[in-house]
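Quick notes on the structure that follows.
Since every read-out is calculated from the coordinates, none of them should be taken as a lab result. The structure displayed is predicted, hence computed values, not measured ones. All Cβ positions, even for glycine, are placed from backbone atoms using ideal geometry, and neighbour counts span all protein chains on display.
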Amino acid sequence: MALSIGIVGLPNVGKSTLFNALTRKAVDASNYPFATIEPNVGVVPVPDPRVDRLVELVKPQRTVPAVVEFVDIAGLVKGANEGEGLGNQFLANIRETDAIVEVVRFFSDENVIHVDGKVDPLSDVETIRTELVLADLGTMERSLTRLEREVKRDKALEPKLAIARRVEAWMAEGHRASTMPMTAEERELLRDLHLLTMKPMLYVANIDESAIGTDLPEIDGVRPIPICAKIESEMADLDAEELVEYLEMEGLEEPGLNTLIREAYQLLGLQSYFTAGVQEVRAWTVRVGAKAPEAAGVIHSDFERGFIKAETISFADYDALETEAAAKAAGKLRIEGKEYVVKDGDVMHFRFNV
Ligand SMILES: Nc1nc2c(ncn2[C@@H]2O[C@H](COP(=O)(O)OP(=O)(O)OP(=O)(O)O)[C@@H](O)[C@H]2O)c(=O)[nH]1
Ligand SMILES: [Mg+2]
């Protein structure tokens, strides 16, 4: 299943500009049976030079990158939870995403109207937080009614009801659900309520071209990812050679979109491992800390169920030795078992039996 990210923010802050820049690199969606693509949903490859290197070495018939799904929704405004603007009805579209990216307007352009009349990033963040919390309180009210009814028949639901009540009180004070102190088990109990403010969040500061390289104020104690959506959308149309030139001219190391996707991976505790065969070189997404059978299960549940062993070469060794045979001869092809903790960049071949 692809990692999915919902994009939120006030109207006119550059969400769709960013989304369009991201999805202009969209992969052929037909490769991904899970992706029912609607106009506001885009599946984007995770930029990874290691995949390019493996392709160079293995020359496979096809290449499948890891992907992230982005969902663009209409801007939220103050009072969205009471039906103001269009935003609220679209929140349902991002209830089941894994994370939320909030685009915050830092750019000053008098031709682009700001809904509150002035560019004020911190106040905008406050507005969005309030709206997301209020939307969650609405969800919570319905969930509590249901839980209170169900708990009468099923006492096992008591802990869930208790934590739900606690988080409701917490949100009623204006806090995001995720900031409430709770145990991992309690967190798990809340999972199927799909609270928006429970999701990990990243902030993108949509900055002026002239602000590239300047310091930005922290938001919620973290530094926002600076992106100039306007420039990103220009970069999205360039070929590889033009892109190198353009980045140099702008004094950028890589497109901001790459940084965004990478940081989302990190935030969510995800990493990539690879399979490399002549038919296909492919990147797979797995939790940091996952053991070999869980990684195998990302490919197919049979691989996990019938897991025997994983022939593993680290990317660095593959890169240096250039072929699986050479890696094997050098003793760099390891046979790993059920307890092996997969590392970022492992090139793996699973043996299984079902
Ligand atoms: N100057 C400047 N203008 C931008 C930038 N990013 C977006 N814009 C402009 O801002 C306007 C709104 O951009 P959108 O991407 O449509 O904004 P949005 O957040 O999707 O807005 P809603 O869908 O209405 O919520 C457009 O005219 C964009 O061209 C930027 O980085 N700099
Ligand atoms: Mg938009």
Under 20 Å from a label point 7 Å along Cα→Cβ of Asn111: give me every residue in the stretch 200-237 with its amide N that close. 206-212, 228-237
List the equivalent ellipsoid semi-axes of the chain in whole Å, largest first, each obtained as the square root of 5λ for an eigenvalue λ of the Cα gyration tensor. 37, 30, 16
Most packed first (mean Cβ within 10 Å per residue), the peptides 128-136, 191-199 order as 128-136, 191-199
What is the calculated FRET efficiency for Ala156 to Leu216, with r their C-beta to C-beta distance and R₀ = 56 Å, to the nearest 0.05? 0.75
Asserting the computed 222 nm helical MRE of the chain (DSSP H runs at least 4 long, -39500 (n - 2.57) per run, divided by residue count, to nearest 500) equals -11500 deg cm²/dmol
Inter-label distance, nm, simple model (7 Å from Cα along the C-beta direction), Glu254/Ala184: 2.9 nm
Toy charge model, Lys and Arg Cβ at +1, Asp and Glu Cβ at -1: the stretch 170-293 dipole around Cα centroid in debye, rounded to 20, equals 1020 debye
